[in-house]
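No lab work stands behind these numbers, since they all come straight from the coordinates. None of these values were measured; they are calculated from a predicted model. Here Cβ is always computed from backbone atoms with ideal geometry, including for glycine, and neighbour counts include all displayed protein chains.
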Amino acid sequence: MTSFSLRSGSKELLWPTTACVVGILVLLPILAVFYLSLFPEENIWPHLFSTVLPAYINNTLILMLGVGVSSTLLGVGAAWLISSCDFAGRKIMNWALLLPFAVPAYVIAYVYTDLLEYAGPVQQFIRELGDWTSPKDYWFPNIRSMGGAITMMSLVLYPYIYLMAKTAFLEQSPSLFITSRSLGRSPWVSFFLVALPIARPAIIVGLSLVLMETLNDFGTVDYFAIRTLTAGLYDTWLNLSNIGGAAQIALVMLIFVVTLISAERYSRRKQKTYQNRQGSHGRERIKLKRKASIIAFAACLIPVTLGFIIPASLLTIYAINYFAVSWTPKFATHVFNSFSLSVTAALVTLAIGVVLAYAKRIDKSRLSIVMLRVSSLGYALPGAVLAIGVIIPLAATDNFIDDIFRDYFGLSTGLILSGSIFALIYAYSIRFLAVSSGAVESSLEKVTPNMDLVARSLGYTQSQTLLKVHLPIINKGLLTAVLVVFVDCMKELPATLILRPFNFETLATYVYQYASDELLEQSALAALIIVAVGIIPVILLSRTIDNK
């Protein structure tokens with residue numbers, strides 16, 4: 001009887017124990033960055049602080065401020081028009097406004113640079129039109145500038161805010177808006193005094209995601225020669241070969257992330273909003289007159305055109321014209337690398353997400369809840385910071401294993417972990433674990449606890465209950481998690497550039513290298529594949545919101 005109890009107890013501890021192990025693995029890169037930044041082999045912090053670090057911080061703050069303001073204006077404005085106004089083309093714009101979400105920021109930067117630079121078709125047309133022969137004869141904005149970077153990022157990041165704001169507007173009780181109108185407020189005054197304040201928490205969540213993505217960006221700022229913290233981290237590590245200095249810059253980036261998360265939570269610390277079951281049903285959208293309807297449609301069409309239609313069209317033209325040049329056995333290898341790596345990382349991340357979400361379901365202790373929340377930290381980490389955090393413990397482990405084999409067998413094992421695909425999968429899993437665990441957790445919450453009780457009464461163990469009962473029920477949520485993580489892995493650039501093995505290219509790194517060498521046409525096929533794959537979560541998000 002005693003032995004049975006011990007075995008039963010050990011099985012009960014299996015899931016929370018596994019969740020703790022996962023939480024430790026997620027925290028390990030963060031702790032590694034802290035340790036190396038505080039105890040580097042060569043302390044260059046005084047040099048960084050007195051030379052380049054202030055410029056890095058200043059550029060990063062300007063970039064985040066510009067992208068944040070622009071994305072908020074685009075996202076909130078479009079969300080209000082779609083959710084509260086009725087105009088011709090509204091149903092099309094409802095999902096079309098999410099399409100720029102499929103285009104990575106570095107891809108749109110390459111496309112518009114090719115279009116708008118001095119040798120590009122736009123300026124060539126202007127010179128022919130005005131019969132000018134020199135850039136001194138006319139003024140044209142420089143695309144490779146801070147303003148250009150802000151514009152490029154805003155065009156593809158505003159869907160974060162649009163998605164959050166639209167959902168918040170749709171969930172608001174129509175009685176609030178009706179009451180405001182009955183008191184003599186115009187629709188726009190009601191928007192600013194009623195709808196916008198209630199939607200503020202959701203907007204701030206979307207804004208925080210936009211700012212984190214801006215902080216994470218490397219391809220755009222590197223191509224536009226803007227020295228942000230991310231660019232400085234790469235320069236310090238790869239060009240100056242000083243990983244300690246890179247870790248110190250990474251620590252500054254972590255401070256930015258913590259500040260963003262804290263500010264987001266502080267802004268809604270005491271704010272609670274409630275809506276009735278009626279939701280958006282019963283609210284009559286504002287019927288716009290012909291002229292206003294045209295203006296509303298144009299306002300929604302502009303970001304879609306600039307953020308998706310033009311880049312996708314140009315990439316398609318280039319891909320068709322240069323298909324014979326681009327599609328080579330070597331390129332096919334890059335495609336295989338991207339897809340196999342992304343599929344593997346998505347499946348690993350899903351498996352870990354299932355473990356964490358199920359551990360929280362069967363074990364209501366604070367520890368399981370904390371571990372699930374800890375697993376979400378990786379999504380807030382910039383890819384460059386995560387790469388440093390991953391490489392430090394893996395390199396230390398490689399050196400430890402190599403020393404043992406040298407001492408006892410006279411053999412060198414080399415870089416087993418830090419120089420292999422394992423490092424990329426580890427980084428991807430930490431970075432996107434919040435996506436899979438969140439999707440699985442939300443799906444499991446919809447499964448009634450009675451299902452667990454019935455399964456246990458039939459003699460199923462916890463593992464059997466998960467495999468035979470829960471997973472078949474939540475299969476749609478699992479598929480959604482896999483697809484979203486897969487797409488995120490396909491687009492990931494900063495961590496991939498640092499952690500990829502020697503002579504290993506993905507589509508993202510392939511596009512980055514060719515576009516950096518002013519060969520966008522030859523990399524257009526790879527960029528188009530990334531954009532096409534990125535449309536998958538756009539469709540899923542649109543369908544999910546419409547169904548709700």
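General remarks:
- Cα centroid separation, segment 476-548 to segment 429-466 (Å): 29
- Since only W15, L444, P29 are under comparison, the one whose Cα sits farthest along the positive direction of the charge dipole of the chain, derived from C-beta charges on Lys, Arg, Asp and Glu, is L444.
- Applying a threshold of 31 Å to the alpha-carbon distances of K91/K491; K91/K468; K136/K491; K330/K468 flags K91/K468; K136/K491; K330/K468 as lying beyond it.
- Computed [θ] at 222 nm, helices only, for the chain once each DSSP H run of length n ≥ 4 contributes -39500 (n - 2.57): -24000 deg cm²/dmol
- Sequence-distant contacts, meaning Cα pairs under 8 Å at least 6 residues apart, place the relative contact order of the chain at 24 percent.
- Note on L453 and I295: their simple-model spin labels are 5.9 nm apart, each label 7 Å out from Cα toward Cβ.
- Amide hydrogen neighbours beyond the local backbone of D86, cut-off 5 Å, H modeled: I286, K287, L288
- Each of [x] 155; [y] 234; [z] 208 is a candidate for volume of the Cα convex hull per residue in Å³; the one calculated from this structure is [z].
- Cα-projected label distance for L367 with L73, points at 7 Å along beta-carbon direction, nm: 5.2
- When the chain is described by a simple charge dipole with +1 on each Lys and Arg Cβ and -1 on each Asp and Glu Cβ, the residue from V221, G477, S418 located farthest towards its positive end is G477.
- Helices assigned as whole DSSP H runs in the chain whose Cα atoms extend at least 27 Å along their own long axis and whose mean Kyte-Doolittle hydropathy is 0.5 or higher are found at 2-38, 53-84, 146-171, 196-216, 243-267, 329-362, 383-409, 421-445, 520-547.
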